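Novice: Dumping the structure here so I can ask a few things about it.
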Amino acid sequence: MRALIQFLPALALSFFCSVALATPQQLLADFQHMRLSATNAVTNFYMFSGLDADSKYERRIDISMKKFADAMTSAEQLGSASGMGDEVTAIGTDWKKLSELMTLNRADMLKQGFPNVRLVDEMGRLSTEIVNKASAAYDLLQERSGIKPGPVVQKTRHLALLMEEITSQYAARGTSNLGQVFMGNYDRTLTEMAEEFQKILNDLSTQVESAQTDVLMNSIHSKWRFMEERIRNYNESTVPFLVVSYNDRIIEHLEELEAMFR
C-alpha cells in the first residue's frame, strides 16, 4: 500500500507533463492542417470553376472546408491553454470571411456559369493571409512553449505546404477563366518553388534513408518527377487535374512519413 501511495504522485506528475506537452504539439498540428486545408480549398475552387462546375471538385471543396473547420475547433479548445487565443481568433475571423466568399463564388458558378474574378482573387489573397497567420502562429507557439517537432517532421510539413502552394498556383494558371488570379497570391514563381521542393526533398531523403521508408520515398520521388516536368513547362501544356491528383498522393505520403517520426 505504501508503495502504491508513493507511486501515485509520480504517475500524476507524468500524466500532467504528458498533457502539457500534448497541447502545443496538437496545436502545431492544427496550424499545419489549417495551412494545407485553406490552400487546398482554393485549389479545388479553381478546378471547380475551370471544369464547368464539376461536382467532383465541389465535393473536394467541402472536404477541405471541413478539415479546416475541424482543425479550427481543436485550436479554439487548445489556444487559450497555450497562450495562443488571440492568434487563433484572428485566423478564425479570416476563415469566416473566406467561407463567405467561397459560398458566393460557388453560387455564381452554379447560377451563371462563371465566377466574379474580383471575388475569386479576394478569396485567393485571403487564403494566403490565413496561411501566413497560421505560419506565424506556428513559429510563435514553438518559441513560447519551447516545444519543436523534430527535423524530419518539420521538413515533411514544409514540403506538404509547399506542395499545396505549387499545385494551387498551377491550377490557377491552368484554368482558362482564372489564369490571371494567381498573380497577386504568390511571391514566387512555380519554377522557384519547384527548385526549393527538390532541394528539401533531397535533404529529407538522406535524413530518413532506411528500409522502413524506402517505399514511401520512392513513391514521393516518382510522383514528384511527373509533376516537376509539368510544372517547369506549364506554358507548353497544362494538365491540372493530373497535377492535383498527384498532389493528393504526395501529401498523403508525407503525412505517413511524418507519423513515423512524430
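The values are calculated or read from the model by the stated rules, or taken from the named source; none is laboratory data. For clarity, every value in this text was computed on a predicted model and none was experimentally measured. Backbone-built Cβ (ideal geometry, glycine too); neighbour counts: all protein chains shown. All accessible areas refer to the heavy atoms of the entire protein, side chains included, with ligands and DNA or RNA removed. Shrake-Rupley method; radii C 1.70, N 1.55, O 1.52, S 1.80 Å.
Novice: Inside segment 108-134, can you point out the residues that are open to solvent by 30 Å² or more (accessible area, probe 1.4 Å) and either among the small types (Gly, Ala, Ser) or more than 20 Å from the chain's Cα centre (by Cα) (or both)?
Specialist: ASP108, LEU110, LYS111, GLN112, GLY113, PHE114, ASN116, VAL117, ARG118
Novice: Only one of GLU195, GLU129 is in a helix (DSSP H, G or I), closer than 30 Å to MET260 by Cα and modelled with pLDDT of 95 or more; which?
Specialist: Within the list GLU195, GLU129, the selection yields GLU195.
Novice: Also, quick follow-up: Could you please give the count of residues in segment 190-221 that are open to solvent by less than 50 Å² (accessible area, probe 1.4 Å) and without any contact (Cβ under 8 Å) to a residue 12 or more places away in the chain?
Specialist: 1
Novice: Within segment 140-152, is even one residue touching a Phe, Trp or Tyr at 6+ places or on another chain (Cβ under 8 Å), touching a residue at least 24 places away in the same chain (Cβ under 8 Å) and not in a helix (DSSP H, G or I)?
Specialist: Let us first name the residues in segment 140-152 that are touching a Phe, Trp or Tyr at 6+ places or on another chain (Cβ under 8 Å), namely 141, 150, 152.
Filter again for touching a residue at least 24 places away in the same chain (Cβ under 8 Å), leaving 141, 150, 152.
Next, from what is left, pick out any that are not in a helix (DSSP H, G or I): 150.
Checking segment 140-152: at least one residue is touching a Phe, Trp or Tyr at 6+ places or on another chain (Cβ under 8 Å), touching a residue at least 24 places away in the same chain (Cβ under 8 Å) and not in a helix (DSSP H, G or I).
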